[in-house]
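Peer 1: Got a structure here, written out as structure tokens. Questions coming.
The values are calculated or read from the model by the stated rules, or taken from the named source; none is laboratory data. Here the structure is a predicted model, which is why all the values come from computation and not from measurement. FYI the Cβ positions are ideal-geometry reconstructions off the backbone, even for glycines, and counts take in every protein chain you see. Heads up: the accessible areas ignore ligands, DNA and RNA and are worked out on the full protein's heavy atoms, side chains in. Shrake-Rupley method; radii C 1.70, N 1.55, O 1.52, S 1.80 Å.
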Amino acid sequence: MSTDPPAARGRHAPPPEVRLPLQRERLFRAAAEEFAERGYAGASSESISRRAGMSKATFYEHFANKEECIIALFDRAASVVAAGMAQAARGAGRADAAERMKAGTRAFLTSLAEHPAYAQTLLVEIIGAGPRAAQRRDQIMQAFADTLDAENEAASRRGLIARFASPYDAYAIVGAITELVSRQVRLGAPADPLELAPVIDRLIGGVLEAGRFVSGWA
């Protein structure tokens, strides 16, 4: 149950531009916890509202239904993860392309470890949330793949790394990582998601090695 204080009401209530974002954040946290504990099918607008300490009417001010809620939560979780990965890559500098990738993947795994309820939504519950959610998941995975491909292309132009052999290589990496960490979230094995970092390093290294062989890059 949320430990946030109840929202102020009446003349002491904050203005909408302050109140609405705060409400949305509380609903996101509550929804992530509900989806993680009950699954998408078992959660409801009522249970999310109750966990957030809000009324169903407030829930419907922000989301038309449970499906819209999980899609919005998925978008939020994906954007936070993407921002963390980008920041980690920038912190690694531009001179070592492999280190930039390693920094990004470790930031991703760290985010999952620090926010397990959000990880459950991002990797597991979204799959059973209906066609619109599946479509959004496909779009976000493609966006991650496009970012990885652009990173690889830029590093390749500077002679730092081999170019992927196929336009589908980046998506194959993203898909494989997604399934790997989804399994970790579902089963809790390994206990620490960061134990998967060397596996992901070898996966990316293998794809790059294939690209080097195909292109003759030395």
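Peer 1: Step by step: first the residues of the range 87-103, then only those that are touching a residue at least 24 places away in the same chain (Cβ under 8 Å) and assigned to a helix (DSSP H, G or I), then the one that is farthest from Leu196 (Cα to Cα). Which residue is that?
Peer 2: Within the range 87-103, the match that is farthest from Leu196 (Cα to Cα) is Ala97.
Peer 1: Give the range 178-198 a look and list any residue that's part of a helix (DSSP H, G or I), among the hydrophobic types (A, V, I, L, M, F, W, C) and either at pLDDT below 95 or farther than 21 Å from Ala155 by Cβ (or both), or say none. Break it down into steps so the answer makes sense when it comes.
Peer 2: Narrowing the range 178-198 to residues part of a helix (DSSP H, G or I): 178-187, 193-198.
Next cut, among the hydrophobic types (A, V, I, L, M, F, W, C) only: 180-181, 185, 187, 194, 196-197.
Leu180, Val181, Val185, Leu187, Leu194, Leu196 - these are the residues of the range 178-198 that are part of a helix (DSSP H, G or I), among the hydrophobic types (A, V, I, L, M, F, W, C) and either at pLDDT below 95 or farther than 21 Å from Ala155 by Cβ (or both).
Peer 1: Pairs please, first residue from the range 54-79 and touching a residue at least 12 places away in the same chain (Cβ under 8 Å) and open to solvent by 60 Å² or more (accessible area, probe 1.4 Å), second anywhere and part of a helix (DSSP H, G or I) and of a type outside the set (Gly, Ala, Ser), Cβ atoms under 8 Å, 6+ apart in sequence or on different chains.
Peer 2: Filtered contacts from the range 54-79: Glu61/Leu20; Glu61/Gln23; Arg76/Phe28.
Peer 1: Same structure, new question: Test of understanding: among Pro15, Pro21, which residue is under 25 Å from the mean Cα position of the chain (by Cα) and modelled with pLDDT under 95? Even if it seems obvious, please write down each step before you answer.
Peer 2: Details: Pro15 fails: under 25 Å from the mean Cα position of the chain (by Cα).
Exactly one residue qualifies, and that residue is Pro21.
Peer 1: Out of Glu34, Glu46, I need the residue that is open to solvent by 50 Å² or more (accessible area, probe 1.4 Å), modelled with pLDDT of 95 or more and either touching an Asp or Glu at 6+ places or on another chain (Cβ under 7 Å) or not β-branched (Val, Ile, Thr) (or both). Which one?
Peer 2: On the way: Glu34 fails: open to solvent by 50 Å² or more (accessible area, probe 1.4 Å).
It is Glu46.
Peer 1: Quick check on this structure: which one of Arg202, Arg212, Arg158, Arg136 is open to solvent by 40 Å² or more (accessible area, probe 1.4 Å), modelled with pLDDT under 90 and among the basic types (Lys, Arg)?
Peer 2: Details: Arg202 fails: modelled with pLDDT under 90; Arg158 fails: modelled with pLDDT under 90; Arg136 fails: modelled with pLDDT under 90.
Result of the check over Arg202, Arg212, Arg158, Arg136: Arg212.
Peer 1: Right, Arg183: open to solvent by less than 80 Å² (accessible area, probe 1.4 Å) and under 24 Å from Ser79 (Cβ atoms) or not?
Peer 2: Values: open to solvent by less than 80 Å² (accessible area, probe 1.4 Å): no; under 24 Å from Ser79 (Cβ atoms): yes.
No: the conditions fail for Arg183.
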